[in-house]
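The values are calculated or read from the model by the stated rules, or taken from the named source; none is laboratory data. Keep in mind it's a predicted model, so treat the numbers as computed, not measured. Note: ideal-geometry Cβ built from the backbone for every residue, glycine included; neighbour counts use all protein chains shown. Each accessible area value is taken on the protein alone, full model and side chains, heavy atoms only, with ligands, DNA and RNA left out. Shrake-Rupley method; radii C 1.70, N 1.55, O 1.52, S 1.80 Å.
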Amino acid sequence: MKTVFHSADSRGFADHGWLKSAHSFSFAGFFNPERVNFGTLRVLNDDYVEGGMGFGKHPHNNMEIISIPLEGDLKHGDNMGSAGIIKKGDVQVMSAGTGVMHSEMNANADKAVKFLQIWIFPNKENVTPRYDQVDVSGDYKKNDFQQILSPNPDDAGVWIHQDAWFNLANFDKGFSKDYPIHKEGNGAYVFVLNGQVKIGDQILNTRDAFGIWDIDKFNIEATENSEVLIIDVPMNLPNFAN
């Protein structure tokens, strides 16, 4: 078993006025050679965007991009003709593939939007770009793991071009449950949205993260009422990402 602990205050922080962002991994002006990626997980940004502001049209390619709103409404547009608003309870995915232009804006002028922006290296290059968003709130599970992303189009949540699984866990204080790693060679990056959990001897508070790999399963115990995101990804990068 191998592990890594990332405290909330060890992240990179950027304050652009309208945008406040915490970077779990090296991004933009934040670079830490020991915090470039966790397996195929390349970016985990914890973003706060003021009302009426956002990211204008910009390009991406050969990356799986996932947005998970935590509060407020996020307005999406792209050159594939996709447009819509995502809110808490939704999950958005974009396979950038051969290249896409998109924008992400706060849909409201009078309140902030908070969301997680996550990038995963795909398992194949130059796929046809695609966009999807799914309301996963109807599959909410208390004291259980709720799958919101997988490699399989027919499974719950959205899907991506990678052997990755995302699960939300909303646990009551005192509840514990084993999380099984989905595929040999994968590891899990556990990100605490709120509350406090314990994995082995490691205590994790709000916005702390814990990576664990070379293990088949591990136990998560809620020492407070807690909400956790588990990002289960291959630990080996595809050749084109090395």
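Tabulated results
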{"read-out": "Residues of region 228-237 classified as open to solvent by less than 30 Å² (accessible area, probe 1.4 Å) and not acidic (Asp, Glu), total", "value": "6"}
{"read-out": "Options 46, 15, 78: the member that is out of contact with any Lys or Arg (no Cβ under 6 Å at 6 or more places or on another chain), loosely packed, with under 15 Cβ neighbours inside 10 Å and either of a type in the set (Asp, Glu) or assigned by the TED database to the domain that holds residue 229 (or both)", "value": "15"}
{"read-out": "Selection status of residue 3, touching a helix residue (DSSP H, G or I) at 6+ places or on another chain (Cβ under 9 Å) and in contact (Cβ under 8 Å) with a residue 40 or more places away in the chain", "value": "no"}
{"read-out": "Leading residue by the ranking (nearest to residue 233 (Cα to Cα)) among those in region 52-66 that are open to solvent by less than 20 Å² (accessible area, probe 1.4 Å) and of a type outside the set (A, V, I, L, M)", "value": "64"}
{"read-out": "Test: residue in region 82-96 that is within 20 Å of residue 193 (Cα to Cα) and open to solvent by 40 Å² or more (accessible area, probe 1.4 Å)", "value": "yes"}
{"read-out": "Residue among 191, 166, 240, 175 that is hydrophobic (A, V, I, L, M, F, W, C), exposed (fewer than 15 other Cβ atoms within 10 Å of the Cβ) and not assigned by the TED database to the domain that holds residue 87", "value": "240"}
{"read-out": "Qualifying strands (runs of 3 or more DSSP E) (wholly inside region 139-242; at least 2 residues being more than 21 Å from residue 3 (Cβ to Cβ))", "value": "145-150, 165-171"}
{"read-out": "Check on residue 87, touching a strand residue (DSSP E or B) at 6+ places or on another chain (Cβ under 6 Å) and at pLDDT 95 or above", "value": "yes"}
{"read-out": "Failed item, numbered, when residue 113 is tested on (1) within 30 Å of residue 239 (Cα to Cα); (2) modelled with pLDDT of 95 or more; (3) buried (at least 19 other Cβ atoms within 10 Å of the Cβ)", "value": "(1)"}
{"read-out": "Failed item, numbered, when residue 229 is tested on (1) under 19 Å from the mean Cα position of the chain (by Cα); (2) at positive phi", "value": "(2)"}
